[in-house]
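Asks: I am attaching a structure below and will ask some questions about it afterwards.
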Amino acid sequence: MTGAVTGEDGVARCPWASRPGTMQDYHDTEWGVPVDGERGIFERLSLEGFQAGLSWSTILNKRDRFREVFHGFDVDRVAAMTDADLDELMGDTGIVRNRAKILATRKNALATIALRSDEGLEAFIAGFRPGRDPEPRDASEVPAISPESTALSKALRKRGFGFVGPTTVHALMEATGLVDTHLVGCHRRGIAR
């Protein structure tokens, strides 16, 4: 069993953030904190898509470069990127060089623009907030998907988004505070609600 871990600083955290460094900083200041606005949600959606199959620390270490090459995740600018722009990114070692993920970022920008005539990306995703949070006491009890993330994944795909599987979308929901999966006993538990 791996419950909340008390670090050298006397603070209890989720086990993945038990050691000082990038992951602990992310856990303590960003993960599970609500994100406002289209750009912020689009950035998190994009980065979660790039993370698929990789460690989150890899993405965090490359996040500044992702922000540079994708114009600060300005949806309109990403949607306007040309095939040549995207091909050039395949040579950039500062990001994850996966053609399908790079192409999906532009595709998702275009889908985000299309959502503006409806409710917008932020409200669309927020509409899938679960009624209650899980209460994991152990890391093994943290769900990787949920009925809500499965439904959101299907809804996003129907709207033209890519790299939005149920696990990726669940991670997005956790990262943006739509669902709280901090372990019971973690000092960050309950911050989003």
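Read the figures in this text as sums done on the coordinates, not as results from a lab. In this text the structure is predicted, and so the values were computed from the model without any measurement. Using ideal geometry, Cβ is built from the backbone for each residue, glycine included, and neighbour counts are taken over all protein chains shown.
Asks: Sorted by average packing, counted as other Cβ atoms within 10 angstrom per residue and highest first, what order do 69-78, 4-13 take? Kindly include the intermediate steps, with their values, before the conclusion.
Replies: Values: 69-78: 18.0, 4-13: 14.9.
Listed from highest to lowest mean packing, they are 69-78, 4-13.
Asks: Okay, next question. At what distance in nm do the modelled label points of Asp25 and Lys154 sit from each other, each positioned 7 Å from its Cα along Cα→Cβ?
Replies: Each label point lies 7 Å from its Cα, and together they span 4.1 nm.
Asks: Sticking with this one: Can you sort Val96, Val184 by how many other beta carbons sit within 10 Å, fewest first?
Replies: Final ranking by Cβ density, sparse to dense: Val184, Val96.
Asks: Tell me which of Ile41, Gly127, His71 sits at the most positive position along the dipole axis of the chain, charges placed on C-beta atoms (Lys, Arg +1; Asp, Glu -1).
Replies: Towards the positive end, the residue furthest out is Gly127.
Asks: Calculate, in nm to one decimal, what Glu8 and Glu141 gain on full extension: separation in residues at 0.36 nm each, minus their alpha carbon distance. Numbers along the way, then the final one.
Replies: On the way: separation 133, 0.36 × 133 = 47.88 nm, distance 2.47 nm.
Contour length minus Cα-Cα distance gives 45.4 nm.
Asks: Here's another thing I want to ask about it. Estimate the FRET efficiency between Ser57 and Arg99 by the formula 1/(1 + (r/R0)^6), using the beta-carbon distance for r and 25 Å for R0, to the nearest 0.05.
Replies: On the way: r = 23 Å, r/R0 = 0.91.
That pair, Ser57 with Arg99, gives E of 0.65.
Asks: Sort out for me the Cα centre separation of segment 63-112 from segment 120-137, rounded to whole Å.
Replies: When both Cα centres are located, 27 Å separates them.
Asks: While we're here: Does segment 24-103 classify as rounded, prolate or oblate by the C-alpha gyration tensor (a ≥ b ≥ c root eigenvalues; a/c under 1.5 gives rounded; else a/b over b/c gives prolate, otherwise oblate)? List each step's numbers first, then the result.
Replies: Numbers: a/c = 2.21, a/b = 1.38, b/c = 1.61.
Here segment 24-103 falls in the oblate category.
Asks: For the pair Arg132 and Asp85, how long in nm is the line joining their label points, each one 7 Å along Cα→Cβ?
Replies: Using points 7 Å along Cα→Cβ, the separation is 4.6 nm.
Asks: Would you mind checking the pairs Lys62/Lys101; Lys62/Lys154; Lys107/Lys154 and listing those with alpha carbons more than 18 angstrom apart? Working shown, then result.
Replies: Values: Lys62/Lys101 15 Å; Lys62/Lys154 28 Å; Lys107/Lys154 16 Å.
Listed pairs above 18 Å: Lys62/Lys154.
Asks: Nearest 20 debye, what's the magnitude of the dipole of segment 69-189 about its Cα centre given +1 on Lys and Arg Cβ and -1 on Asp and Glu Cβ? Don't skip to the answer; put the middle values down first.
Replies: Numbers: 16 positive and 17 negative charges, 57 e Å.
Roughly 280 debye, rounded to the nearest 20.
Asks: If you don't mind, another one. Beta carbons within 10 angstrom, averaged per residue: use that to sort the peptides 15-21, 128-134, highest first. Don't jump to the answer; show the numbers that get you there.
Replies: Values: 15-21: 15.6, 128-134: 13.3.
Output ranking for 15-21, 128-134: 15-21, 128-134.
Asks: How high is the relative contact order of the chain? Use alpha-carbon pairs under 8 Å, at least six apart in sequence, and give a whole percent.
Replies: Working: 269 pairs, mean separation 61.3, N = 193.
For the chain, the relative contact order is 32 percent.
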